[in-house]
4 protein chains.
Amino acid sequence: MLRVGIVGFGYWGPILARNLRAHPRVRLAAVCDVDPARLAGVAAACPEASVSTNAADLVASPDLDALAIATPAASHFRLTLAALSQGKHVLVEKPLATCAADAERLVENAARRRLVLMTDHTFLFAPPVRRLAELVAEGSLGELQQYSAVRVALGRFRSDVDVLWDLAVHDVAVLDHLVGRMPASVSAAGVAHRGEQVDVAFLTLRFPDGLLASLHATWLAPVKIRRTLVGGSRRTALWDDLEPAERLRLFESGLAEGEAPADEDLQRRIGYRTGEVRAPRLEEREPLATMVAELVDAIEAGREPIAGPTSSLRVVRVVEAAERSARLGGVPVDPATGAPVVAHP
Amino acid sequence: MLRVGIVGFGYWGPILARNLRAHPRVRLAAVCDVDPARLAGVAAACPEASVSTNAADLVASPDLDALAIATPAASHFRLTLAALSQGKHVLVEKPLATCAADAERLVENAARRRLVLMTDHTFLFAPPVRRLAELVAEGSLGELQQYSAVRVALGRFRSDVDVLWDLAVHDVAVLDHLVGRMPASVSAAGVAHRGEQVDVAFLTLRFPDGLLASLHATWLAPVKIRRTLVGGSRRTALWDDLEPAERLRLFESGLAEGEAPADEDLQRRIGYRTGEVRAPRLEEREPLATMVAELVDAIEAGREPIAGPTSSLRVVRVVEAAERSARLGGVPVDPATGAPVVAHP
Amino acid sequence: MLRVGIVGFGYWGPILARNLRAHPRVRLAAVCDVDPARLAGVAAACPEASVSTNAADLVASPDLDALAIATPAASHFRLTLAALSQGKHVLVEKPLATCAADAERLVENAARRRLVLMTDHTFLFAPPVRRLAELVAEGSLGELQQYSAVRVALGRFRSDVDVLWDLAVHDVAVLDHLVGRMPASVSAAGVAHRGEQVDVAFLTLRFPDGLLASLHATWLAPVKIRRTLVGGSRRTALWDDLEPAERLRLFESGLAEGEAPADEDLQRRIGYRTGEVRAPRLEEREPLATMVAELVDAIEAGREPIAGPTSSLRVVRVVEAAERSARLGGVPVDPATGAPVVAHP
Amino acid sequence: MLRVGIVGFGYWGPILARNLRAHPRVRLAAVCDVDPARLAGVAAACPEASVSTNAADLVASPDLDALAIATPAASHFRLTLAALSQGKHVLVEKPLATCAADAERLVENAARRRLVLMTDHTFLFAPPVRRLAELVAEGSLGELQQYSAVRVALGRFRSDVDVLWDLAVHDVAVLDHLVGRMPASVSAAGVAHRGEQVDVAFLTLRFPDGLLASLHATWLAPVKIRRTLVGGSRRTALWDDLEPAERLRLFESGLAEGEAPADEDLQRRIGYRTGEVRAPRLEEREPLATMVAELVDAIEAGREPIAGPTSSLRVVRVVEAAERSARLGGVPVDPATGAPVVAHP
């Protein structure tokens, strides 16, 4: 049995608790929150778990193998570092850390101690994304050419992080999961219309092989849209979380591979033609159940999990580069170095 | 009667012809195309119009008051200049010209000769955009905060212009029409995946007052999406040309003006709440009929039309800036000067 | 505190339990199921509730004020009668009973003993239906003219009841809730394609004032549709549970009240015009929480609840009439008498 | 060349004219309308066609091989009979006639004279229906089990026919085209809410093999819906003319052929699961072009066309039976005999 403790029992902690407890080889052994009121229901709901208002108790406890950290973003680095130092595997809420330097230190630490470090990039475990990842991996979409993700809604304003670290990070993680590498440059625009934190952000990512990506994230739109277009040379996928019956659709490209459409001719024949559309069947497992299974398997096998250090670090680098670009008025930034990329005309 | 000639009778010319002839105070007096085959049907369809394979005939004709130019983009500048020089009002296919310098010369020329110069930015006359413009003008959306336009489909590849001048220009024109001013900077990413011309483009526009805009234009996506989100402090509008029954929808912002949402509190109350949604009734006039009426009225009144020189020039400047930014790897460009805007960190 | 016991702890019982316990003036005091395995989790989850495998224990218990009966439909009559006889208020899963004679006996019994009897017609408490009912009541739709409900999906096959008693009953209840009276005749068609029970059913209801209604219910369609059109002389409402952002929409009738459209004239002007569409904001309370509140309030006030005896009995009569009509090959049946209605040509 | 004359040049006539003229082996030789104003534009638009205000001229003309009759429904029988009597092939607007007796006489007449008689059931030639018909014919949907068609909108009120003969007839024709046989009984409900003609109608059709169908047709709904569900034992098709990108979708049944789902077990596994969805690519030919081609081919080959006498007669019988059922308060009517079908309980 893997003995897990949860640090932070606000909105996300109880959801994690439910999913951890549902795994046959996990025992939820401890729960911690600075606010004792939040711990009130724990005894009834999880009688097997001890409770504490001091994270240090769990970090130091010899009776825990792993910690799930669900505290505000600012404390992720400190708590994760402490947990790793005490030999514990860590699952941490996204983002892994709020700057690349911190994330690097965590990654090194986990590697040195051979501990599993995983970020809770929940969407990587959502059925449409799992299917998308398979399709991309098997070449079903062809060469990726364009990617556009819109994640807008009203509310869940945050005062501890901006919309880049809160929402855009989801799409950065999904894109990273699909392509497994960093963009050559990132540019961004962000504005704080309502409060102190940037609440509207647009990101553009340029990959060395020509793939372009655009992300739009905001808390300010009173219409909920969660739509990602993944365009490849063979097929284009549309992932729309608000189309319950067809969350993932695949559109056949009407063009033969390599066909170079000349103006007048092909244009007329093609028109705005639509080819066959397919909505593949998706598995129906809850994303967090899949994530917990991945965590447990990775710990048992001593391997790097999905959403593990390598990809989590890339995600932090990209978001950090976007933040810097936004501050620089949109100048592209290389996420590998953090430096502006200014071509000389 | 306004005597109008059409130069260029390929795809768009006949559509213009139909709409010009339907106006009670317009006489379609001449049609010209370099390809005599295209003129074959003119005699039967428009017996009142003379035909020619030489644009110079129409430009010089004393029997025409105005020319409608529907030729490939590269010839717009030359033909429009010639027509203005011969004292003719001009309606020209978008874009007005393919560089700002040319566009400026046309604008100056038209101003000096007091001639009407209008670009066929058809979407400005589409019922949803007309309604949107009213809503923005009357303050119904509040202060504009974010704008995101997606215009993707498969086909209508062009070899004479790239996707910026062909598709993104529509959305630049609509946005310009709504806000009536130029962005402080434009950045862009564009790639030519299929042929010689850029066929996937993402643009980001930053306005001095904090409005951010993002455009996505491509010929390469085998799914047709035409969706524009216009987010204001009071309401957000969604214009979706593929939702026939609700092409324009308005979403009430759930937030009171100026309300600064604190994290935990408001967040919980707001959740992802949805307010009232309204799809206003739209007029049902064909956009080109409205455009022709605007052209005729402007000529008769000697006033600047919608899609007239001032806005058309701004549109050309913005697209040109986007092109330059894309060539510079995404460095933002000031459309007023054409110069890169590099903040020093 | 209202002391409530739950009889039947399969799929629905635990959901009821959660909602009953969440009410501040309810104490969940006992849970019963014939299958002891289902009671295993009760002690941990609801430590305050006693458990039993014998419904008679709860029926007879002096420590309970009300019973919630969530057993298979066949036992509703027997258990409800027993509970009423022991002076207990009853909330029973839909349908109240599977024949009108039984339902009548329950209604009489409850009336005589002044006990609250309520059927768990959950959809009556769903936000879109509550809003619809307000709109109909305040005359906002005008006079109701047509009603069409489609409730199709794959699965949740039942062997104890057919699709009329399982699914169509929901829409019969909603329609009854909106109009508050019985149709003059009901005709139906039903077929058992897969198993023993009718799994595809179409119903037609004719009301004395000209309102026509059509219901389509099936377990057999591998596409999920839940759509109800409520057409009135002033407005038409569309309730679609699978449009998360716009579950209820209102379409303005383009016709003035009483306007009698002559053929050629108005037809051309009207075309297929679309008027303004509005999606009113809906409350966000869970239907079952509203239902529990209604139960408690009705018991405390000694009044008839929504989904009380009067309407529940009408619902049973209509479904029974539909069953009879289907068996008679579609001959209309008067739900008040159960007799075929055959006009003589 | 097939020499065709058009009788009736109101709304539909000019559309027919355009499509007839576009066929390489058709010559539009004459056009007739009682209203000379409608003929005004013919000379310019179709200089090769003679014009007349007297249908008798065309009926008697030795220079015509076929007539296309696009007059009000009441005159279809008389004009078609006259044309057939003069040895002319006939394409007639739907419905073929407004009673079965008349339709029979036309069918006999055409058969005796070996003339092609075709009803303009345009939807039979729409790409989604053509694809649907192929799918049904090749068994791709399995055995048909349920059919539900909704055709509602506001407007195009008719004073010459009711909504059964105007709108429901489309869906009766499509269903007949798919299954090629008549239902055992038809029941209907219809009300005239606005004018003299029935403007809301619901039909139920029962086929001998268990297929049930339901149609909803109205002019009175200020929301446009055109949706047909065709449910088979293997797949279910959804044809929605207002989903431009996916007008036809196919949903895989999650159930194995013959699998009899037991209550508790399968139900849980199935839940409301969704299988794969596929939107097949559709041809992009205009329905009327396909229809004209079918007419010409049938005349040239001397064969019965799609929408020929056999199916057109069945369609008239079914609509007539529905009308009778509605007048009888919903008693089912056998379309083969026109007699009520009353099972004795």
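The values are calculated or read from the model by the stated rules, or taken from the named source; none is laboratory data. Source: prediction; values computed, not measured. Note that each Cβ is placed from the backbone with ideal geometry, even for glycine, and that neighbours are counted across all protein chains shown.
The residues of region A:259-279 that are more than 9 Å from chain B (Cβ to nearest Cβ) and modelled with pLDDT under 90, listed by number, are A:Asp265, A:Glu276. Looking across D:Ser187, D:Ser148, D:Ser159, one residue alone is at the interface with chain C (Cβ under 7 Å from one of its Cβ atoms), over 30 Å from C:Ala279 (Cβ atoms), part of a strand (DSSP E or B) and out of contact with any Lys or Arg (no Cβ under 6 Å at 6 or more places or on another chain). It is D:Ser187. Residue by residue through region B:19-56, note down the ones that are in contact with a Cys (Cβ under 9 Å, 6 or more places away or on another chain) and under 22 Å from B:His121 (Cα atoms). Result: B:Arg21, B:Leu28, B:Val31. A:Arg194: touching a Leu at 6+ places or on another chain (Cβ under 7 Å), surrounded by fewer than 24 Cβ atoms within 10 Å (Cβ to Cβ) and among the charged types (D, E, K, R), yes or no? The answer is yes for A:Arg194.
Residues that are of a type in the set (Val, Ile, Thr) and buried (at least 17 other Cβ atoms within 10 Å of the Cβ) within region B:26-46 comprise B:Val26, B:Val31, B:Val42, listed in sequence order.
Among residues of region B:8-26 that are within 18 Å of B:Thr80 (Cα to Cα), those with a Cβ under 7 angstrom from a residue that is polar (S, T, N, Q) and assigned to a loop (DSSP other than H, G, I, E, B), sequence gap 6+ or separate chain, pair up as B:Gly8/B:Thr71.
Report every pair of residues separated by at least 6 positions or lying on different chains whose Cβ atoms are under 7 Å apart, first residue within region B:282-302 and at positive phi, second not hydroxyl-bearing (Ser, Thr, Tyr). Within 7 Å, the pairs are B:Gly302/B:Arg114.
Does region A:165-173 contain any residue that is in contact (Cβ under 8 Å) with a residue 60 or more places away in the chain and in a loop (DSSP other than H, G, I, E, B)? The answer is no, given that none of the residues of region A:165-173 is in contact (Cβ under 8 Å) with a residue 60 or more places away in the chain and in a loop (DSSP other than H, G, I, E, B). Does A:Glu286 satisfy the criteria of being away from chain B (no Cβ under 14 Å), modelled with pLDDT under 95 and either surrounded by fewer than 20 Cβ atoms within 10 Å (Cβ to Cβ) or within 30 Å of B:Pro340 (Cα to Cα) (or both)? Taking the combined requirement at face value, the residue satisfies it. Applying the selection to region B:21-57, what residues are over 23 Å from D:Pro47 (Cα atoms) and not hydroxyl-bearing (Ser, Thr, Tyr)? Scanning region B:21-57 gives B:His23, B:Pro24, B:Arg25, B:Val26, B:Cys32, B:Asp33, B:Val34, B:Asp35, B:Asn54, B:Ala55, B:Ala56, B:Asp57.
Residues checked against (1) facing chain A (nearest Cβ under 8 Å); (2) assigned to a strand (DSSP E or B); (3) within 19 Å of B:Gly180 (Cα to Cα):
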{"position": "B:Arg194", "(1), (2), (3)": "yes, no, no"}
{"position": "B:Leu205", "(1), (2), (3)": "no, yes, yes"}
{"position": "B:His216", "(1), (2), (3)": "yes, yes, no"}
{"position": "B:Leu229", "(1), (2), (3)": "yes, yes, yes"}
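Yes or no: region A:118-136 includes at least one residue that is outside any helix (DSSP H, G or I) and within 14 Å of chain B (Cβ to nearest Cβ). No, every residue in region A:118-136 fails to be outside any helix (DSSP H, G or I) and within 14 Å of chain B (Cβ to nearest Cβ). The set of residues from region D:195-251 being modelled with pLDDT of 95 or more, among the small types (Gly, Ala, Ser) and under 21 Å from C:Leu205 (Cα atoms) comprises D:Ala201, D:Ala213, D:Ser214, D:Ala217. Residue check: is C:Pro127 on the phi < 0 side of the Ramachandran plot, surrounded by 23 or more Cβ atoms within 10 Å (Cβ to Cβ) and not aliphatic (A, V, I, L, M)? So C:Pro127 fails the test. Are any of the residues in region C:309-318 within 14 Å of another protein chain (Cβ to nearest Cβ) and assigned to a helix (DSSP H, G or I)? Checked against the condition, which is being within 14 Å of another protein chain (Cβ to nearest Cβ) and assigned to a helix (DSSP H, G or I), region C:309-318 yields no hits at all.
Considering region D:1-91, the qualifying strands (runs of 3 or more DSSP E), each wholly inside and each with 3 or more residues that are on the phi < 0 side of the Ramachandran plot and not hydroxyl-bearing (Ser, Thr, Tyr), run over D:2-7, D:26-32, D:66-69.
The numbered conditions (1) touching a helix residue (DSSP H, G or I) at 6+ places or on another chain (Cβ under 8 Å); (2) surrounded by 13 or more Cβ atoms within 10 Å (Cβ to Cβ); (3) at pLDDT 95 or above; (4) farther than 22 Å from B:Phe77 by Cα are all true for B:Ala49 except (3). Hey, any hits in region A:141-152 for a residue that's at pLDDT below 95, in contact with a helix residue (DSSP H, G or I) (Cβ under 9 Å, 6 or more places away or on another chain) and within 25 Å of B:Thr228 (Cβ to Cβ)? There is at least one residue in region A:141-152 that is at pLDDT below 95, in contact with a helix residue (DSSP H, G or I) (Cβ under 9 Å, 6 or more places away or on another chain) and within 25 Å of B:Thr228 (Cβ to Cβ). Of the set (1) under 23 Å from D:Glu300 (Cα atoms); (2) within 16 Å of the chain's Cα centre (by Cα), all apply to D:Ala73 but (1).
Scan region D:320-342 for residues that are outside any helix (DSSP H, G or I), under 20 Å from D:Leu96 (Cβ atoms) and facing chain C (nearest Cβ under 9 Å) and jot them down. Within region D:320-342, no residue meets the criteria. Of the residues D:Glu108, D:Glu104, the single one that is away from chain C (no Cβ under 14 Å) and touching a residue at least 24 places away in the same chain (Cβ under 8 Å) is D:Glu104. Only one of the numbered conditions (1) within 18 Å of B:Gly329 (Cβ to Cβ); (2) hydroxyl-bearing (Ser, Thr, Tyr); (3) without any contact (Cβ under 8 Å) to a residue 60 or more places away in the chain is violated by B:Ser159, and that is (1). Please tell me if A:Leu81 is at pLDDT 95 or above, surrounded by 20 or more Cβ atoms within 10 Å (Cβ to Cβ) and of a type in the set (A, V, I, L, M, F, W, C). Against the criterion (at pLDDT 95 or above, surrounded by 20 or more Cβ atoms within 10 Å (Cβ to Cβ) and of a type in the set (A, V, I, L, M, F, W, C)), A:Leu81 does not qualify.
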